[in-house]
1. In a shell of Cβ-Cβ distance under 12 Å around H594, excluding H594 itself, what net charge do Lys and Arg (+1) and Asp and Glu (-1) give?
2. Which net charge results when you count Lys and Arg as +1 and Asp and Glu as -1 among the other residues whose beta-carbon is under 12 Å from that of I260?
3. Computed from the mean reciprocal separation of all distinct C-alpha pairs, what Kirkwood hydrodynamic radius does segment 243-360 have, in Å?
4. At 1.4 Å probe size, with no ligands or nucleic acids counted, give the accessible surface of W40 in Å², nearest ten.
5. For segment 648-800, what is the accessible area per residue in Å², given a 1.4 Å probe and the full set of protein chains?
6. Just to compare against my own numbers: the Cα pair-distance distribution for segment 587-703, 5 Å bins, whole % per bin, please.
7. Which whole-number percent is the relative contact order of the chain (Cα, under 8 Å, 6+ apart)?
8. As a test question: what accessible area, to the nearest 10 Å², does M488 have when a 1.4 Å probe is rolled over all protein chains in place?
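The values are calculated or read from the model by the stated rules, or taken from the named source; none is laboratory data. Here the structure is a predicted model, which is why all the values come from computation and not from measurement. Every residue, glycine among them, receives a Cβ derived from its backbone with ideal geometry; neighbour counts consider all protein chains shown. Side chains are part of the model used for accessible areas, which takes the heavy atoms of the whole protein and leaves out ligands, DNA and RNA. Shrake-Rupley method; radii C 1.70, N 1.55, O 1.52, S 1.80 Å.
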Amino acid sequence: MRDMGRQGGYRSVAGARLALATLPGFIAGTALQTQQPALWFWPIYACFVALALTLYWASATKHIAINGRVWRRCAALVAVALLGFALCGLRATAFERDALSPALEGRDIDVVGVVAAMPQHGELGTRFRFQVEAARLDGSAVALPPLIDLHWYTNGYGASPDAAPLTLPIALPATEPRTRAEPQASELHAGERWRMTVRLKAPHGNVNPHGFDYELWLWEQGLQATGYVRTGRNDSPPQRLVQTWRHPVELARERVRNAIFARVADRAQAGVIAALVTGDQNAIERGDWDVFRATGVAHLMAISGLHITMFAWLAALVVGALWRRSGRLCLAVPAPSAALVGGVLLASAYAVFSGWGVPSQRTVLMLATTALLRLSGRRWPWPQVWLLACAVVLAVDPLALTQAGFWLSFVAVGVLFATDPGAQRGDDSKSGRGLAARLRAALREQSVLTIALAPLTLLLFGQVSLVGLLANLVAIPWVTLLVTPLAMAGVLVAPLWQLAAASVEALRWYLGLLAALPFATLSVAAPPLWAGAAGVVGGLLIAMRLPVSLRLLGLPLVLPALLWLPARPAPGQFELLAADIGQGNAVLVRTHAHTLVYDTGPRFSQESDAGQRVLVPLLRALDERVDTVLLSHRDSDHIGGAAAVLAMQPQAQLISSIEPDHPLQALRPAAHCIAARDGGQRWRWDGVEFEMLHPGAADYDAASKSNALSCVLRISNGAQTALLVGDIERPQEERLAAEVPEQIRADLLLVPHHGSKTSSSAVFLDTVQPRLALVQAAYRSRFGHPAPSVIDRYEERDIRVLDSAHCGAVIWSSARPGEPICQRDADRHYWRHRVP
């Protein structure tokens, strides 16, 4: 019997070792599935699950078909990889079944449901998540996704449907607001049941190279439709039904956030406090976010893993101290174990109250995993603990692999483990260290993280803070030990919020000084994946406690990430990148050594525009130095992002048709665009000719509409020609066709006025004779762009039309004129919206 027990023990240990050895397989399988361009039919994933379980059973039981330890481990690794792949796929297919039917898009639907999260109040209205309980269309019940994202606009005002995720999610047709007293958006509260009329659309965002993936963000949040509340004269007014018992935590968060803003007069200070207490990152002002990113402390201003971990540590200290006061409790459960459990539970409660965001969920899972290991008495080597925590997180949230925060947090933990001799020995005790020793250890840890994570930060964000070490050495203890405790204590003792506000202001002053330094940030072109991975390894080698000769081996690995230069057009060639910015124009024109930006897209709200959201990250990722910013005319969907682009590119020349007293003139004096035949602009870059064709000098006195003054730019290398025309309409088109017919002939045409019925006249198209036409317009544009009749005219002439709703960003090169690249096709993922 003893031998049998010993043999069973050996088998259990061997099984545990086999399971641990297969953790990389589960991670790899999950990662592979997240790269699928489209989902398969769910029975295929189910078959993979059965195959994986069978293969793992064969490897774990020494099946006759698998002999030898190496082959058994390989079989187990493949089995677990298949399991991770299949489980991730099954979850995705189950989620996709609740997607919004295309037949329901743009229809007025009567819905009843509950406000599922605290509402976000903004410049144009209120945004909130709505848990649908019932929906009816024309009196008949219809099925909607269980959770939708809605915007209740103020005064019937609407904006672009492709706004950034924290601004405007959908367009609103022009409607007249009611004058009688009716429910307002400000009356929404979490947990309330409402009846309202909504208009929905499928989740659709901008898709650009190196851009934010809005559709992935919606998928991760469980949102499968976005829309707005109908409040027009002929619509049934929204009706509050009852306050339910559901979502009590969200209601508490909302009340605490409102109390903070009521107590703290300065909105910038109140925004930071609200973000730290309730997790409301929208409360932080855009200018403060810019400073936090420039100084590398943005991770401190959201409920991140650091906050949850520090809260768990402090909670464990308090629970342990209180537990030791009772001898009976200590006899029942040892104080260290009680402190560990109490710290994890209280940290979980803090994570729930702060919004249960994805970073918080990751951290709680990691803490719970390591806590269970310690309570079980196991002392695993740090790589196994690290891999187990990673696998647990991915089992719960497979798409965590697509998030920058996941990579930063797990790589940071791995770096600290790998460079900490105590962790490598399995000794995590830091008791007995003096204050000076602890300060030196903290300084070293922050230095190691700064060096090791710099290449990864460049890979993910295209820039790294050079003052991050100085900023974090002060900000981390200041925020975690002073600001956050005061902010949290203010929930019980409100006057403490004033002390928290004062500490926030002191930190903002310090960070502002660092951000103002000319060398505060380093921006380089976004390196490819292999260069970033090599850079992380190189940074780790440099940071580790190794001989200098070995550390120097890390330098060649880091250099590709720091010195990477994206490919540019050859001399005599040029390239156009029509960015996906929703309703508006924004085109990046590159030659061998020069760059021009034609229009800068729309302004979404006071805090968000296409320049800040799309163009600035794109220019940073490509490491572009813009020579000229050309704004076709003054309409907000063409110049909305100009301020952000001009601030980023102080050397850029500004050319436009805007009036002399336009606010942009205060940022950068603009030269009027004037046709070259009237003595206006014509120049040559790297063998490529740029020529202004419209407006003429006299048009500035005669034009009555801003569209008529749109700057028309011709770009040609002699073999290929592109024509960028802004919002010119039929009169300007006919004039150009009559006066300069040869010069407007082009291979590529930026469709006038986004495909409006007032443009793309037959005579203009017959004169230009383009082979390719680009339409920059929003998905389900409230203006109806591009108009079907206009598209018909292009198709009658066999002109290929690419629009940003279907294509995302479009890249066209004069060297390969017949091979335009659609970003949605080049970077396909199953969570991306497939436009009908």
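1. 0
2. That works out to +2.
3. It is 15.9 Å.
4. 110 Å²
5. I get 41 Å² per residue for segment 648-800.
6. 2, 11, 21, 23, 20, 13, 6, 2, 0
7. On the way: 1617 pairs, mean separation 81.7, N = 836.
Here the relative contact order equals 10 percent.
8. 50 Å²
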